[in-house]
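Student: One structure, as structure tokens, below. Some questions next.
The values are calculated or read from the model by the stated rules, or taken from the named source; none is laboratory data. Please read all numbers here as calculations on a predicted model, not as lab measurements. Here the Cβ positions follow ideal geometry from the backbone for every residue, glycine too, while neighbour counts run over all protein chains shown. These area figures cover heavy atoms from the full protein model, side chains too; ligands, DNA and RNA do not enter into them. Shrake-Rupley method; radii C 1.70, N 1.55, O 1.52, S 1.80 Å.
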Amino acid sequence: MKKKKSTNRFAKIFIILLLIVGALFVFRGTIYRTTVTYKEDGSRKNYKVKDKNLAIFIEDNIKSNQAGDIESIIDLSQEITDAALSYSEDAKENDPNKTVLLRRANAAGYAAFAASVGNYLIDKYKLSEVWEAKPVKGKLHLFGKDMHSQFKKKSFKEYDFVIFRNKITKKEITIDPSLYARQGIERITKQ
């Protein structure tokens, strides 16, 4: 009788832990956006798509029923970036016209690639009078505290992300393409 009670108790604890882990996974984006914010700390070069291999890669990844609104363009730019690159701290090249062939990039390379793809799609869907994408240097803040001051490694001193900005309303939608590739988190919070 005593063994059955402990087995039931273990099963309940296991189910509760499983539900907690499941909830954390489902709400990981919300939790991340609540606890981590990005602060813009300078600009990066914004590359135009010039390489025909990159243009072909983008065109091949556009769905036949692709919507032309900005949210869909942002989502697609992240999907294309994720499909094209794998993350590497050691990668040095940031030009998307070259990283499309190298197939790897660091956070700066991911941001440059996603911004280039985003601007290509913005032009394709004739939204360039209203929207632009630009890669920026940034700093991560956890509960308002600068996380970069805690690290000595250069790759953690700055962290790149992309701002999609409405030129008329100044509305901004921010993404971290390397975070999307590793964690599936689609949007971030900018200070």
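Student: Go through (1) polar (S, T, N, Q); (2) open to solvent by less than 30 Å² (accessible area, probe 1.4 Å); (3) at pLDDT below 95 one by one and return the number of the condition Ser116 breaks.
Tutor: (3)
Student: Now for a separate question. Please work out which residue is nearest to Lys124 (Cα to Cα), limiting yourself to the range 41-78 and to residues that are open to solvent by less than 70 Å² (accessible area, probe 1.4 Å) and under 15 Å from the mean Cα position of the chain (by Cα).
Tutor: Across the range 41-78, the extreme among qualifying residues is Ile73.
Student: I'd like to check something: does the range 90-99 contain any residue that is among the acidic types (Asp, Glu) and closer than 22 Å to Thr37 by Cβ?
Tutor: No, the range 90-99 contains no residue that is among the acidic types (Asp, Glu) and closer than 22 Å to Thr37 by Cβ.
Student: Something else: Identify, from the list Val36, Val21, the residue that is at pLDDT below 90, of a type in the set (A, V, I, L, M) and exposed (fewer than 12 other Cβ atoms within 10 Å of the Cβ).
Tutor: Val21
Student: Tell me yes or no: at least one residue of the range 146-162 is over 21 Å from Asp51 (Cβ atoms), modelled with pLDDT under 90 and buried (at least 20 other Cβ atoms within 10 Å of the Cβ).
Tutor: Checked the range 146-162: at least one residue is over 21 Å from Asp51 (Cβ atoms), modelled with pLDDT under 90 and buried (at least 20 other Cβ atoms within 10 Å of the Cβ).
Student: For the range 81-105, which positions are surrounded by 21 or more Cβ atoms within 10 Å (Cβ to Cβ), among the polar types (S, T, N, Q) and under 15 Å from the mean Cα position of the chain (by Cα)?
Tutor: Matches in the range 81-105: Thr81 only.
Student: Looking at (1) within 19 Å of Ser43 (Cα to Cα); (2) surrounded by fewer than 19 Cβ atoms within 10 Å (Cβ to Cβ); (3) out of contact with any Ser or Thr (no Cβ under 9 Å at 6 or more places or on another chain), which is the one condition that is false for Asp176?
Tutor: It fails just one condition, (2).
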